[in-house]
Amino acid sequence: MLLRNLHNVRDNELIDIKISGTEIEAILPAGMYMSRGEQLSVNFEDALVFPGLINSHDHIDFNLYPQLGRGDYSSYVEWGTDIHSRCKEAIDKVLNIPKELRIQWGVYKNLLNGITTVVNHGEMVETKNDLIDIYQQCNVLHSARFEKNWRYKLNRPFAKKQPFVLHIGEGRDVPSWEEINDVIKWNIFKRKIYAVHGIAMDTVQARSFDGLIWCPYSNYFLIGKTADIAKLKHSTNILFGTDSTISASWNLWEHIKMARKEKALSNVELFDSLTTAAAKAWNLPMAGLLEEKYNADIVIAKRKKNMRGFEAFYALSPEDILMVLHKGNIRLFDSSLLHQLTSAGINVSAFSKVVLNDSHKHVAGDLPALMKEITSYYHDVVFPVNIAV
Ligand SMILES: [Zn+2]
């Protein structure tokens, strides 16, 4: 497959990308490759291209919740206690939906945002899914105050040689800061730990972690404060996470815009937190970059007028996404490409159509059927997309 005439976010170059199987075979200046007519070629106009994004924190089966809580909590402990007493009905409605359906929706939530790898926090999920990668090769602990026997689990002799991931310092009170010290003190064997949130984390503490997964949207919604990334980035690696819709918007691009307003990371650093830095942290050597031999995990989006490079990237919304490829396969495309893909012989019957604001997206699999099935369990569930009529 040949994808033609794309503006590379990183350097503004106009390129063509040739894909072979699951990999990027070649990246060439636009128009250089002489197609011999043997392959599918898709032409774009005014389109940006970037690697499939890596969401380093989500609870894949928690994405049918509305945002729960009144906000302005001192910590996640206060939030957890409050929603379990006041929002029981809302929680039960979602838990009434079979987990497999909730997981499948979580996959689509990520795909609609241009995410091709999501790091799941929670129990290992086993699901029939080939739309995106669900990364689970880590030792998941909930948090110091909600995970029973976390000290033992962190230090158990036969813990898999995989990084540990836990929510930590999710609050603006002293106990949230102290729990970070507690985890550092009890990390006897110096396990690799990726901390999620770290709102209360200071720069000295940050040095004890392999990375901090920043989820600014969730932090502002729950605590009204986020981590001091401008300082912490000098002490640890910063990755980006959305968290689930129980504490954040489904829309990654709102999170990214919020992060950018913090002015804590440069344009490149924020982009890297969703691509190369995350690929390095999760040991995905062939992800996060548009380069020859890398995975053909690729997102193409409509460029807003007169915008270039990172300025154009940070102005995007999910409706601007024209195509998502995962391991060389088209998983989502915009209806503006339907004619081109049909003429090229792509089997569009394997896709279903949904409406996202004013745009129509075709996604692999039967999303409308999934939405109807979920609705049969939870009648007033609200999706960010509608079924096309
Ligand atoms: Zn979380």
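The values are calculated or read from the model by the stated rules, or taken from the named source; none is laboratory data. All values derive from a computational prediction rather than experimental measurement. Every residue, glycine among them, receives a Cβ derived from its backbone with ideal geometry; neighbour counts consider all protein chains shown.
Which condition number does SER41 fail, the rest of (1) at pLDDT below 95; (2) of a type in the set (S, T, N, Q); (3) closer than 23 Å to ASN357 by Cα being met?
(3)
Among the residues of segment 214-271, which ones are within 18 Å of the chain's Cα centre (by Cα) and polar (S, T, N, Q)?
Passing the criteria: SER218, ASN219, ASN237, THR242, SER244, THR245, SER247, SER249, ASN251, ASN267.
For segment 150-172, indicate whether the set of residues that are more than 16 Å from the ligand (Cβ to nearest atom), closer than 29 Å to ASP72 by Cβ and surrounded by 15 or more Cβ atoms within 10 Å (Cβ to Cβ) is non-empty.
So far as segment 150-172 goes, yes, one or more of its residues are more than 16 Å from the ligand (Cβ to nearest atom), closer than 29 Å to ASP72 by Cβ and surrounded by 15 or more Cβ atoms within 10 Å (Cβ to Cβ).
Restricting attention to segment 15-24, which residues are among the hydrophobic types (A, V, I, L, M, F, W, C) and either under 9 Å from ARG4 (Cα atoms) or modelled with pLDDT under 90 (or both)?
Within segment 15-24, ILE15, ILE17 meet the criteria.
Tell me, please, whether a residue that is among the β-branched types (Val, Ile, Thr), away from the ligand (no atom under 14 Å from the Cβ), surrounded by 21 or more Cβ atoms within 10 Å (Cβ to Cβ) and assigned to a helix (DSSP H, G or I) can be found in segment 247-263.
Yes: one or more hits.
Being among the hydroxyl-bearing types (Ser, Thr, Tyr) and out of contact with any Pro (no Cβ under 9 Å at 6 or more places or on another chain) is the filter here; which residues of segment 188-214 pass it?
Once the filter is applied, which keeps residues that are among the hydroxyl-bearing types (Ser, Thr, Tyr) and out of contact with any Pro (no Cβ under 9 Å at 6 or more places or on another chain), segment 188-214 yields THR203, SER208.
Among the residues of segment 349-382, write down those that are in a loop (DSSP other than H, G, I, E, B), over 21 Å from ALA90 (Cβ atoms) and either in the same structural domain as VAL324 (by TED's automatic domain parsing) or among the charged types (D, E, K, R) (or both).
Scanning segment 349-382 gives ASP358, ASP366.
Taking segment 3-23 as the search range and keeping residues that are aliphatic (A, V, I, L, M) and under 16 Å from ARG331 (Cα atoms), which one is surrounded by the fewest Cβ atoms within 10 Å (Cβ to Cβ)?
Of everything passing the filter in segment 3-23, ILE19 is surrounded by the fewest Cβ atoms within 10 Å (Cβ to Cβ).
Please identify the pairs in which a residue from segment 41-66 that is farther than 26 Å from SER273 by Cα has its Cβ atom under 8 Å from the Cβ atom of a residue that is more than 16 Å from the ligand (Cβ to nearest atom) and part of a loop (DSSP other than H, G, I, E, B), counting only partners at least 6 apart or on another chain.
SER41/MET1; SER41/SER35; SER41/ALA344; VAL42/MET1; VAL42/ALA344; PRO66/VAL382
Within segment 211-250, which residues are farther than 22 Å from TYR65 by Cα and aliphatic (A, V, I, L, M)?
Within segment 211-250, LEU212, ALA227, ILE229, ALA230, LEU232, ILE238, LEU239 qualify.
Looking at segment 71-177, what helices (runs of 4 or more DSSP H) fall wholly within it and have at least 1 residues that are closer than 30 Å to LEU289 by Cα?
Details: elements: 76-86, 88-95, 99-112, 150-155.
Per the criteria, 99-112.
Which residue, of ILE60, ILE27, is buried (at least 16 other Cβ atoms within 10 Å of the Cβ), touching a helix residue (DSSP H, G or I) at 6+ places or on another chain (Cβ under 8 Å) and at pLDDT 95 or above?
After applying the criteria, what remains is ILE60.
Taking the condition of being of a type in the set (Gly, Ala, Ser) and more than 11 Å from LEU48 (Cα to Cα), how many residues in segment 309-327 meet it?
Keep residues of segment 309-327 that are of a type in the set (Gly, Ala, Ser), which gives 309, 312, 315, 317.
Now restrict to residues that are more than 11 Å from LEU48 (Cα to Cα): 315, 317.
Residues that pass the stated criteria total 2.
Would you check which residues across segment 190-207 are among the β-branched types (Val, Ile, Thr) and under 19 Å from ASN120 (Cα atoms) and list them?
Residues satisfying the conditions are ILE193, VAL196.
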